[in-house]
Amino acid sequence: MKIAMIGTGYVGLVSGACFSDFGHDVVCVDKDAGKIEALNAGRMPIYEPGLDSLVAKNVAAGRLSFTTDLAPAVAEADAVFIAVGTPSRRGDGHADLSYVFGAAEELAATLDHDCVIVTKSTVPVGTGDEVERILREGAPGRSHSVASNPEFLREGAAIGDFKRPDRIVIGAEDAHGESVLREVYRPLFLNEAPILVTRRRTAEMIKYAANAFLATKITFINEIADLCEAVGAEVQDVARGIGLDNRIGAKFLHAGPGYGGSCFPKDTLALLKTAQDNEVPLRLVEATVQANDLRKRAMGRKIVAAMGGHARGKTVALLGLTFKPNTDDMRDSPSLAIVQTLLDAGARVTAYDPEGMEIAAPMMPEVEMKASAYAAAEGADAVAIITEWDAFRALDLARLGGSMADKLLVDLRNIYRRDEVLRHGFRHIAIGTRAE
Ligand SMILES: NC(=O)c1ccc[n+]([C@@H]2O[C@H](COP(=O)([O-])OP(=O)(O)OC[C@H]3O[C@@H](n4cnc5c(N)ncnc54)[C@H](O)[C@@H]3O)[C@@H](O)[C@H]2O)c1
């Protein structure tokens, strides 16, 4: 199959590279000339484990290429995927669909054959209808199929998720759209990846419902963690105790500083907008969004409280800035609110993140970026673990504490055992367990 991918960000690049690895011919298009130039020079614009070698292998095999030029990329395409960004619209939280509609308009003006156009971007219910209208009005003689194929990959594990998905969702309104997408994903059916074919609007809704559910699950355990702290229970054991119940499941039950990233915050807001526009209240999701927003600054205050309630003149070292490990994505990371809260309280903040510092630095110019966890901790009154990078799981605590002004470890990801931390002479504050 010949595939064009419009938008070469996290989703477009990973999807394009994986489709080419299945054996399809893929051209990835992006308006960002710097991104395309980097890719053509073999440099990855994002950090994603395994992506560089996957891209290099398929470029060398002649199945994957990158361009800023839409027309030749789509000239012979059987399917064109739209994988552009759908950020929150400034001011009201609705998904900003201008990139999606812009891509549809460009396609209407460019395609000179009938094609299957697939939205892979996360888009509110009804967006496919609008894309279809744009194509119909922009290219009256053509008969394109418009389908929805939401993406469920996780940054940091994106290639594995794409190649071994829990399910593939295809939202199609006609047999041609469905059969082309089945063919695109045929290599995965051989791996027995479940495929769910639905109406287009249903597929669009599945993506938002999945993200809202997961965001709610995280927020649920975060609130239970707060209650555990108040009543003297241990949230990790509670999570295990409920997660072993098959009806609940163990995933997304790790208490922490709140969800962030490029999807959950904006997708929950966009779902609420759809709900409000249709006068169908989603009170659980509303509560989730509000609780998560409040939690991020509360985590900053938790660090200040651990230092005795005063941060002025003190130094806090943050380990991890990205919203989760194995990515350099800083979008809506809890670290942004935590840093602001610490600065507001008068603290000096140092930080180390294995991959995120380049992107984080201009977002938090007051923070002093350091070359290692140990360098960040030098002279600090507290070390706070914000992101559970593997590199932080086995720190030499004696070395870390050796250069600190005060040996306080605030573990917002619960990656250290209390007895181990105490053995090294630290005070220890974790999530969902009472400080001793
Ligand atoms: N990042 C994730 O983990 C993830 C997971 C599942 C779904 N999604 C969804 O996938 C979509 C893309 O997300 P992302 O994180 O990859 O975004 P991104 O911001 O990393 O990439 C989007 C890219 O599209 C390009 N672009 C915009 N308009 C264009 C046009 N008309 N022609 C060519 N290129 C254009 C931009 O230059 C940018 O490089 C979003 O809707 C997101 O919600 C993201």
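Observations, loosely collected:
- Close amide H pairs (under 5 Å, H built 1.01 Å from N) link Ser88 with Asp96, residues at least 5 positions away or on another chain.
- Of the peptides 372-381, 156-165, 415-424, 22-31, the order by per-residue mean of other Cβ atoms within 10 Å, starting with the highest, comes out as 22-31, 372-381, 156-165, 415-424.
- Computed from backbone phi with θ = phi - 60° and the Karplus coefficients 6.51, -1.76 and 1.60, the 3J(HN,Hα) list for segment 317-332 is 9, 9, 9, x, 10, 5, 6, 7, x, 6, 8, 9, 6, 10, 4, 6 Hz; x is used for glycine and proline.
- Annotation: per residue accessible area for segment 151-240 equals 50 Å², rounded to a whole number [probe 1.4 Å, protein chains only].
- Among the protein heavy atoms of the chain, carbon and sulfur supply 51% of the accessible surface, probe 1.4 Å, non-protein parts ignored.
- Overall, segment 192-310 carries a charge dipole of about 340 debye about its Cα centre when +1 sits on the Cβ of Lys and Arg and -1 on the Cβ of Asp and Glu, all other atoms neutral.
- Furthest towards positive pole of dipole, Ala275, Ala109, Ala17, structure part the chain, Cβ charges: Ala275
- Size of electric dipole in the chain: Cβ of Lys, Arg +1 and of Asp, Glu -1, about Cα centre, debye, nearest 20: 1140 debye
- Normalising the Debye intensity of segment 156-284 to I(0), with uniform scatterers on Cα atoms only, and taking log10 at q = 0.10, 0.11, 0.23 Å⁻¹ returns -0.46, -0.55, -1.31.
- Per-residue 3J(HN,Hα) values for segment 418-430, derived from phi via the Karplus relation 6.51 cos²θ - 1.76 cosθ + 1.60 with θ = phi - 60°, read 4, 4, 5, 5, 5, 4, 8, x, 8, 8, 10, 10, 10 Hz in sequence order (x marks Gly and Pro).
- Classification of segment 1-129 by its C-alpha gyration tensor yields an oblate form. The axis ratio a/c (a ≥ b ≥ c) is 1.5 or more, and b/c is at least a/b.
- Ranked by how many other beta carbons lie within 10 Å on average, peptides 53-62, 425-434 from highest: 425-434, 53-62
- Using a Gaussian network model of the chain in which every pair of alpha carbons under 10 angstrom is joined by a spring, one finds that among Ser179, Ser335, Ser20 the greatest mean-square fluctuation is at Ser179.
- Applied to segment 115-132, the Karplus parametrisation 6.51 cos²θ - 1.76 cosθ + 1.60 on θ = phi - 60° returns per-residue 3J(HN,Hα) values of 8, 9, 9, 10, 7, 9, 4, 7, 10, x, 3, x, 5, x, 4, 5, 4, 4 Hz, with x for Gly and Pro.
- Take every pair of alpha-carbon atoms less than 8 Å apart whose residues are at least six positions apart; their mean separation over the length of the chain yields a relative contact order of 12 percent.
- Computed helical MRE - 222 nm, the chain, DSSP H runs ≥ 4 contributing -39500 (n - 2.57), nearest 500: -13000 deg cm²/dmol
- C-alpha center-to-center spacing [segment 388-420, segment 349-382] in angstrom: 15 Å
- A simple packing score, the average count of other Cβ atoms within 10 Å per residue, orders the peptides 247-256, 180-189 as 180-189, 247-256, with the highest score first.
- For segment 343-436, a crude dipole built from +1 on the beta carbon of Lys and Arg and -1 on the beta carbon of Asp and Glu, taken about the Cα centre, is about 420 debye to the nearest 20.
- Among the protein heavy atoms, those of Tyr47 account for about 70 Å² of accessible surface (1.4 Å probe, every chain in place).
- Considering only Ile6, Ala79, Leu153, and ranking their Cα positions along the charge dipole of the chain that arises from unit charges at the beta-carbon of Lys, Arg, Asp and Glu, the one farthest toward the positive end is Leu153.
- Under 5 Å from the amide H of Arg154 lie the amide H atoms of Asp161, each residue being 5 or more positions distant or on a separate chain, with H modelled from the backbone and absent for Pro and chain starts.
- Here, the chain has an Rg and a Dmax of 23.4, 75 Å when only alpha carbons are counted.
- 26 Å Cα-Cα threshold exceeded, pairs from Lys217/Lys266; Lys207/Lys324; Lys35/Lys120; Lys217/Lys296; Lys207/Lys302; Lys251/Lys314: Lys207/Lys302; Lys251/Lys314
- Between Ala79, Ala41, Ala291, the residue with the greatest mean-square fluctuation in the GNM of the chain (Cα pairs under 10 Å linked by springs) is Ala41.
- If you run the Gaussian network model on the chain, springs between alpha carbon atoms under 10 Å, then out of Asn292, Asn222, Asn278 the most flexible one is Asn278.
- Close amide H contacts of Tyr47 (hydrogens built in the peptide plane, cut-off under 5 Å, sequence separation of 5 or more or a different chain): Asp328.
- The calculated pair-distance distribution of segment 308-436 uses every alpha carbon pair, bins of 5 angstrom beginning at 0, and gives 2, 12, 23, 26, 21, 13, 4, 0 percent.
- Distance between the C-alpha centres of segment 5-61 and segment 141-174: 17 Å, rounded to the whole angstrom.
The values are calculated or read from the model by the stated rules, or taken from the named source; none is laboratory data. What you see is a predicted model, and the numbers here were worked out from it, not measured in a lab. Every residue, glycine among them, receives a Cβ derived from its backbone with ideal geometry; neighbour counts consider all protein chains shown. In case anyone asks, the SASA skips ligands and DNA or RNA and just uses the protein heavy atoms, side chains included. Shrake-Rupley method; radii C 1.70, N 1.55, O 1.52, S 1.80 Å.
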